[in-house]
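Dumping the structure here so I can ask a few things about it.
The values are calculated or read from the model by the stated rules, or taken from the named source; none is laboratory data. No experiment lies behind these values; they were computed from the predicted model shown. No Cβ is skipped: glycine too gets one built from the backbone with ideal geometry, and neighbour counts run over all protein chains shown. Surface areas here come from the heavy atoms of the whole protein model, side chains and all, with no ligands, DNA or RNA. Shrake-Rupley method; radii C 1.70, N 1.55, O 1.52, S 1.80 Å.
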Amino acid sequence: MLKRREFITPLGGAAAAWPLAARAQQAGKVVSIGILAIEDFPPIDTFRQTLNELGYVEGKNLRLEYRYARGRNERFPELANDLIDLKVDVILTWGTEAALAAKQATTSIPIVMGAVGDPVGSGIVTNLARPAANVTGFSSLAAELEAKRLELLKEAVAGLSRVAVLLNPTNRYMPLAVESARRGAETLRATLTLYEVRDATTLDATFVKLAKERPDAFMVLADTFLVSERNRIAQFAIENRLPSAYTYREHIEAGGLIAYTPNYHDLFRRAAGYVDRILKGTKPGELPIEQPTKFDIVINLKTAKALGLTVPLTLQAAANEVIE
């Protein structure tokens with residue numbers, strides 16, 4: 001039975017002044033925060049609500065500027081520069097490509113990563129405990145969890161041996177995730193076949209190949225474009241009776257079978273706390289990059305029924321949420 005991992009997060013953070021952010025706290029000044037992300041997922045609501053609890057109220061002392069890539073990773077640099085031109089006080093990012101684009105766009109505006117797969121492996125920072133410069137935030141450890149998702153598929157699908165993996169080669173996080181999946185496949189004695197999907201055309205071509213080659217199941221790695229196509233992917237999986245595993249809860253709401261995911265609501269709640277500390281004078285580079293402490297298993301039993309699949313009761317009992 002898959003057991004959830006718990007991580008010990010670093011404590012504290014220095015209280016040295018961060019000049020630009022400190023200016024944002026001048027009496028009567030409206031704080032501006034740029035949000036650079038895939039799309040307006042529910043955890044961003046949690047970020048907004050937590051800011052409100054901390055005393056930041058939109059229309060009073062807070063302005064939020066949203067820039068969403070909506071399935072196109074190549075847009076992140078342009079969107080990041082938009083936020084720089086607006087002279088926002090802090091940038092909140094979601095995802096590897098968003099964080100890299102923000103880092104490349106500015107060395108002065110503080111950047112808080114709400115969630116990023118592997119900040120060291122992706123080259124965003126060199127040290128988790130003291131990231132230095134203007135970047136801090138939270139790792140979702142998404143790459144390390146691909147092996148766990150394979151374990152879940154193995155539990156859900158009897159005799160699992162051939163697994164297809166959908167990935168976007170334009171996303172610099174992908175090599176890390178693929179390596180994790182390969183380690184998991186080796187342990188489970190499963191065979192992986194990689195399918196590169198970067199746009200609607202290659203997604204259509206992948207659907208044709210999967211329908212013909214008939215793997216036992218498939219996994220979808222975390223990516224802006226792939227999550228934007230979650231409805232089409234889920235529909236294809238159901239129509240072709242293919243079990244599937246994912247990184248994001250949104251895939252399961254769309255009709256995917258199972259997800260093993262960091263609790264993004266918790267990460268973005270904590271990210272709001274980091275933004276508050278930075279606006280009050282803490283240097284972002286002296287705030288340690290922390291890891292998740294909460295993980296969720298989400299299962300769609302309606303989808304399982306459509307697939308003709310009986311999810312073991314032990315796996316259902318381990319789930320944080322079961323969609324019926």
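May I ask you to list the trypsin sites (Lys or Arg not before Pro) in the stretch 171-234 that are in a DSSP loop and have at most 10 other Cβ atoms within 10 Å of their Cβ?
On the way: sites: 172, 182, 183, 189, 198, 209, 212, 230, 232; in loops: 172, 189, 198.
Here the sparse-neighbourhood loop sites are 189.
Please compute the Kirkwood hydrodynamic radius of the stretch 124-241 from all pairs of different C-alpha atoms, in Å with one decimal.
Values: mean 1/r = 0.0648 Å⁻¹.
With all distinct Cα pairs of the stretch 124-241 included, I get 15.4 Å.
Measure off, as a whole percent, the carbon and sulfur share of the 1.4 Å-probe accessible area of the chain, all protein chains present. Before the final figure, lay out the partial values.
Working: 6620 of 13500 Å².
C and S atoms contribute 49 percent here.
Would you mind putting 84-96, 297-309 in packing order, based on average other-beta-carbon counts within 10 Å, highest first? Walk me through the intermediate numbers first.
Details: 84-96: 22.5, 297-309: 18.2.
With the highest mean Cβ count within 10 Å placed first, the list reads 84-96, 297-309.
Report residue 219's accessible area, 1.4 Å probe, all protein chains in place, as a number in Å² to the nearest 10.
Its heavy atoms expose roughly 0 Å² to the probe.
Return the subset of 60/280; 209/302; 103/294; 148/305; 212/305 for which the Cα-Cα distance in this structure is over 21 Å, preserving the input order.
209/302; 103/294; 148/305; 212/305
Assuming 0.890 mPa s and 25 °C, estimate D for the stretch 43-162 with Stokes-Einstein, Rh taken as the Kirkwood radius over Cα pairs, in µm²/s. Don't jump to the answer; show the numbers that get you there.
Numbers: Rh = 16.2 Å.
Rounded to a whole number, D works out at 151 µm²/s.
Heavy atoms of the protein only, probe of 1.4 Å, neighbouring chains included. What is the accessible area of residue 36 in Å², nearest 10?
0 Å²
Tell me which of 32, 177, 105 sits at the most positive position along the dipole axis of the chain, charges placed on C-beta atoms (Lys, Arg +1; Asp, Glu -1).
Highest projection toward the positive end goes to 177.
So for the stretch 176-324, considering every pair of alpha-carbon atoms, how many percent are separated by more than 24 Å? It would help to have the intermediate numbers written out before the result.
Values: 4638 of 11026 pairs.
I get 42 percent for the Cα pairs in the stretch 176-324 exceeding 24 Å.
Rounded to the nearest 5, what % of DSSP beta bridges with both residues in the chain are antiparallel? Don't skip to the answer; put the middle values down first.
Details: 5 of 43 bridges.
Counting only bridges with both partners in the chain, antiparallel ones make up about 10 percent.
Whole Å is fine, so just give me how far the alpha carbon centre of the stretch 250-324 lies from that of the stretch 141-201.
Value for the Cα centre distance between the two parts: 18 Å.
Shifting gears a bit: Can you compute the equivalent ellipsoid semi-axes for the stretch 81-147, i.e. the square root of 5 times each eigenvalue of the Cα gyration tensor, sorted largest first and rounded to whole Å?
Working: eigenvalues 92, 30, 16 Å².
Semi-axis lengths for the stretch 81-147 are 21, 12, 9 Å.
Excluding residue 286 itself, what net charge comes from residues whose Cβ is under 12 Å from its Cβ, given Lys and Arg +1 and Asp and Glu -1?
Cβ neighbours under 12 Å give a net charge of +3.
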